[in-house]
1. Identify all residues within region 184-216 that are closer than 23 Å to LYS241 by Cα and part of a loop (DSSP other than H, G, I, E, B); write none if there are none.
2. Looking at (1) surrounded by 14 or more Cβ atoms within 10 Å (Cβ to Cβ); (2) over 17 Å from ILE224 (Cβ atoms), find the lone condition where ALA105 falls short.
3. Using beta carbons and a limit of 6 Å, which pairs, at least six apart or on different chains, have the first residue in region 39-68 and small (Gly, Ala, Ser) and the second one part of a helix (DSSP H, G or I)?
4. Within region 191-201, is there a residue that is crowded, with 22+ Cβ neighbours inside 10 Å, assigned by TED's automatic domain parsing to the domain that holds GLU147 and touching a helix residue (DSSP H, G or I) at 6+ places or on another chain (Cβ under 9 Å)?
5. Test ALA178 against the stated conditions and say whether it is within 13 Å of the chain's Cα centre (by Cα) and within 18 Å of LEU117 (Cα to Cα).
6. Please go through (1) in contact with a Ser or Thr (Cβ under 7 Å, 6 or more places away or on another chain); (2) buried (at least 22 other Cβ atoms within 10 Å of the Cβ); (3) within 23 Å of GLY141 (Cβ to Cβ) for GLY228 and return the number of the only condition it doesn't satisfy.
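The values are calculated or read from the model by the stated rules, or taken from the named source; none is laboratory data. What you see is a predicted model; the values in this text were computed from it and never measured. Neighbour counts run over all protein chains shown; Cβ positions are idealised from the backbone, glycine included.
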Amino acid sequence: MWELLNKHWKMAIEIAVLWLLIYQIYRVFRATRGIRILVGLAVVVIALTITSQVLDLKVIEWIIKSAATVLAFALLIIFQPELRNGLARLGSSRLFSFTTTEQQAFLDTLADSVVQLSKKRFGALFAIERSISLENYAETGIPIEGELSKELALTIFHPKTALHDGGMTVASEKVGAAGCVFPVSQKEISDRSLGLRHRAGLGVTEETDAVAIVVSEETGSISICIDGKIEHRLSEEDFRKRLADIFLSDGKNHEETDHNELDSKSSRLSAGDSSMVSD
């Protein structure tokens, strides 16, 4: 065994490096539009390569080899945003920089801000970044790059301010930008009380793995959008619990149960609580 390891240890290192590289590429492109292009190109190149070798098609094999360099530069241009965001995340990795205590403090501040906005009926939209960068959406708004606080949230989303109509991006426990434009979901929604702000919250969670928080300007109700689905009219207790489930645990073990419970509570609210109905 020692002789085998001594002979092939370089090969083991190469396999480990390649595996790590492929995994990081997967993390960068996962759940983005770019993954479709990448998968399509990979399928075409692999299929042509296998076909040319099996059928001994010299011309196609020569074209593939000649186009390899050009294709590599083309991929760098096509996937420039994803590559830039991936390198930025790698350089600011949160693996060692944020503890559970710090995350809990941030979530408490976020929850307090949302509850205050709800009580004042200030319409608001937050998008909290997870593994997929929101930099593309932050570029559509005004850079903030500051700590989140109740005062900052109330100021930005006050109906008389210039940024209140847009969304706020939050990344690495800090406010990235405000007044951002998010994609609007085209999904058919049966609840007529959900307006453009809720559709934008759904839209950004359909395009990324972000978590969107929406405060209704008409009713003050709090909603959470995740994975293209909306959990509507949450009480303060349910909202705080859901934040903890999503960000302080994996969120998946309880997601289905909590989602059903929240849907049930939402139905009771919409049927029996007239204060939640828009004028």
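1. LEU194, THR208, ASP209, ALA210, SER216
2. Answer for ALA105: the failing condition is (1).
3. Listed by first residue and then by second, the contacts come to SER52/ILE60; SER52/GLU61.
4. For region 191-201, residues crowded, with 22+ Cβ neighbours inside 10 Å, assigned by TED's automatic domain parsing to the domain that holds GLU147 and touching a helix residue (DSSP H, G or I) at 6+ places or on another chain (Cβ under 9 Å): absent.
5. On the way: within 13 Å of the chain's Cα centre (by Cα): no; within 18 Å of LEU117 (Cα to Cα): yes.
No, not satisfied.
6. (2)
A quick yes/no check of all residues on (1) among the β-branched types (Val, Ile, Thr); (2) at pLDDT 80 or above; (3) not assigned by TED's automatic domain parsing to the domain that holds LEU20:
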site	(1), (2), (3)
THR69	yes, no, no
ILE78	yes, no, no
GLU82	no, no, no
LEU107	no, yes, yes
ALA111	no, yes, yes
ASN136	no, yes, yes
LEU148	no, yes, yes
ALA153	no, yes, yes
MET168	no, yes, yes
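Every residue, every condition in (1) assigned to a strand (DSSP E or B); (2) touching a Phe, Trp or Tyr at 6+ places or on another chain (Cβ under 7 Å); (3) touching a residue at least 40 places away in the same chain (Cβ under 8 Å); (4) outside the structural domain of GLN104 (by TED's automatic domain parsing), yes or no:
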residue: ALA162; (1), (2), (3), (4): no, no, no, no
residue: PHE182; (1), (2), (3), (4): no, yes, yes, no
residue: CYS225; (1), (2), (3), (4): yes, no, no, no
residue: HIS232; (1), (2), (3), (4): yes, no, yes, no
